[in-house]
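To start, the structure under review is shown below, and the notes come after it.
The values are calculated or read from the model by the stated rules, or taken from the named source; none is laboratory data. Quick caveat: nothing in here was measured; it's all calculated off a predicted structure. For neighbour counting, all protein chains shown are included, and Cβ atoms are generated from backbone atoms with ideal geometry for every residue, glycine included. Please note that ligands, DNA and RNA were not included when accessible areas were found on the heavy atoms of the full protein model with its side chains. Shrake-Rupley method; radii C 1.70, N 1.55, O 1.52, S 1.80 Å.
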Amino acid sequence: MKYRLLALALATAAPALAQTAPPRPTFFDKGPLMSIGSYYYPEQWPHENWARDIKKMAEVGFQFTHYGEFAWTFVEPEEGKFDFKWLDEAVALAHQNGIKVIMCTSTPTPPAWLAQKHPEILVVNADGRTMQHGSRQQASWSSPVYRQYVQRMVEAIGQHYGQDPRIWGWQLDNEPSHYGQYDYSPAAQASFRRWLQAKYQTLEALNKAWGTAFWSIRYTDFSQVMIPNQKELPEQPAPAAVLDFKRFSADEANDFLSFQYKILRKHIAPTQWVTTNLMPEHVAVDPTRITGLDFLTYTKYLVAGYDNGVGAQGFRMGSASSIGFANDLFRSFNGVTGVMELQPGQVNWGRFNPQPLPGAVRMWIWHAFAGGNKFVCNYRFRQPLTGGEQYHYGIIGTDGLTPSTSGLEYIKVIKELAAVQQQYRAGAKMPPAYQRRQAAILYNADNRWEMDNQPQTNQWSTMAHLKRYYDALKQAGAPVDIITEAKDFTRYPVLVAPAYELLDKNLVERWRQYAQQGGHLVLTTRTGQKDRTDKLWEAPWAGPILDLIGAKIPFYDLLPEAVTGTIASSGKTYQWNNWADVLAPQPGTETWATYTNQFYNGQAAVVSRPLGKGSVTYVGPDTDDGALEKEVLRRVYQRAGIPIADLPAGVVLDWRDGFWVGLNYSDKPYTMPVAGKVLIGSAEVPPAGVVVWKE
Ligand code: GAL
């Protein structure tokens, strides 16, 4: 208890992230456990189709729709002249059919007249090319001129629909990002300098933090500072400068969204919520830095030729960690999340665009349910006939009438959800055996930005590393939260901080207290090498954590792709290839795994020590198959005295609101430990199958 208070005090001292935001109204208390909706674009279809399409949407069971995120030119066809007549009609049609509306601000698509009059609003990319009108996300969040126009449009739409009970909530922008580009426009350069001045106050502080004595970079005036751009630099920029630019860009996205939120909130009813939709693993915009909205939602496309998943059919289902990680990350902000866009079948923009496995769309929707989402919306109701997303499925096919294969899966799942809803009783308690396994993964985008910039090996992937631990926890059957340092760690028996490269002594102290009071802490590869300004410690390697882990880290090693490092642990052999911290344990620290080849054959790879009522474990290697990571977590739970499950890769078993949900992303049937009344499916779950039961 005492520690709990201390932990809270320390947590309050951490940076103000979304997870510290005061509790807000939940907005969804009275509705169904999870609502299902579909995007519709009245402005993209002949007027005579609207009534038919929206009626059809209601007939197949959708409960809400989503309007207007790309409609600025129709909302404000001429500068300062707003036209809501067409949108009013679309809102009325939705209402007549019993469908609620998510209304959007259309900031990702400024009208042609705006870019023509003010080309200075346009993003300039790393190559110095100015983005042009002709698709979307071409405007700079830093441009004061763009913001003036945004302000006027958001005011207008907020005034028009803010008190309209037919509007359920609001989405700001759409996937705010510049789709892989960073903004180097003059407006962004100026804003970056202001951000640096606010952060460092003096040039001396900036020069020191960035280490500008190196290569004579030293600045003598803030106006000399440019965004570090590898395309303009013969050699690498100061890593601290790159990290600050990534932080700035993410803060700029937050600033742009908060700016819109404040305008909208002046006009809208307290019952209307405001969110945005983010891509959970997209790196330029950091969900943990979005502070001002009511909650965050995510967008998910699993099958687009990038993710091979598990087994021969994995490319048709994606990985279980894709939706799982998004659920567990987004739910931890303000306790509420939804899926704003879910893949409706085949897409058009992938590396290749296969058909999802029959059943996969339905499984994804149930996965969203299992993760606690309040709603799932698919992008989009009708397959487009023109525009940049031809060949992209909708719920209804090209004829405008016939449900697509995934449309049919939606129709099925809507009925199934209604049946499950009927079995819902409020107040269900999480089963104790499941609750005991609760784990958190500590996430800070600073680490990802920094290690992406300085990977040290072509085989390093921060997200792949993190997901090896995430997968291992889920296969242990644990409920997982992805949390930031703003959260209290003490409610989680197991806390994993994967590759936590940047830290300060305050965090190390919180970790120590966490373990002393009974927590089981797992630190991994690369942790603790630098301070928050990106500086290596003037101390032995990873100095601040050595006492905590009870070992030294004399050096690390990296191998070529074709060479495999070997490790022995409990009589089994494991392989690594990406990264290996070689460890030298102090007396009292156990060695759980040892390197068995290369010149450090016989030296420690994984160490663990009891600390107070808990323990600290350090995992030196990063493997490809995650087998060692899984074994280490099994031993950590064993040491904690917490029994775990042993689910195969691709099999998910989650609990929500009194319901167990079993899903199978693998290519072999799996028999779930069903105990109770089966509501959906059956205990033997085929690939892309679902079982739901109630104890
Ligand atoms: C999303 C985007 C949507 C649509 C969709 C196509 O990332 O937010 O507007 O473009 O992809 O798959």
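For the reader, a short list of remarks on this structure follows.
- Mean Cβ neighbour count within 10 Å, used as a protection proxy, ranking 521-531, 260-270 highest first: 521-531, 260-270
- Amide H contacts of Gln171: Met103, Cys104, Thr105, Thr275, each under 5 Å away and 5 or more positions distant or on a separate chain (H built 1.01 Å from N in the peptide plane; Pro and chain starts excluded).
- Heavy-atom SASA rank of Thr105, Thr130 (probe 1.4 Å, accessible area, largest first): Thr130, Thr105
- Solvent-accessible area of Lys668 with every protein chain in place, 1.4 Å probe, in Å² to the nearest 10: 130 Å²
- Residues whose placed amide H lies under 5 Å from that of Gln603, excluding near-sequence neighbours: Tyr595
- Burial order of peptide ranges 433-442, 169-178 (average beta-carbon count within 10 Å, highest first): 169-178, 433-442
- Gap separating the Cα centres of the stretch 389-412 and the stretch 593-609, nearest whole Å: 54 Å
- Of all accessible heavy-atom area on the chain, the percent that carbon and sulfur account for (1.4 Å): 54 percent
- Calculated FRET efficiency for the pair Ala464/Lys117, C-beta based, R₀ 35 Å, to 0.05: 0.15
- Within the same chain, lysines fewer than 8 places from Lys117 are excluded, and of the rest, those with a Cα less than 24 Å from its Cα are Lys81.
- Cβ-placed point charges (K, R +1; D, E -1), dipole of the stretch 151-214 about Cα centre in debye, nearest 20: 260 debye
- Whole-Hz ³J(HN,Hα) from phi, Karplus 6.51 cos²θ - 1.76 cosθ + 1.60, for the stretch 495-511, glycine and proline x: 10, 10, 10, x, 6, 8, 6, 9, 7, 10, 5, 4, 5, 4, 5, 4, 4
- With all protein chains modelled, accessible area of Tyr149 [1.4 Å, Å²]: 20 Å²
- Whole-number accessible area per residue in Å² for the stretch 422-565, which is evaluated in the context of all protein chains at 1.4 Å: 35 Å²
- Lys, Arg +1 and Asp, Glu -1 on Cβ, resulting dipole of the stretch 363-492 about Cα centre, debye, nearest 20: 620 debye
- Stokes-Einstein, applied to the Kirkwood radius of the stretch 655-694 over Cα pairs at a viscosity of 1.306 mPa s and 10 °C, places its translational diffusion at 160 µm² s⁻¹.
- Computed [θ] at 222 nm, deg cm²/dmol, the chain (DSSP H ≥ 4; -39,500 (n - 2.57); rounded to nearest 500): -9500 deg cm²/dmol
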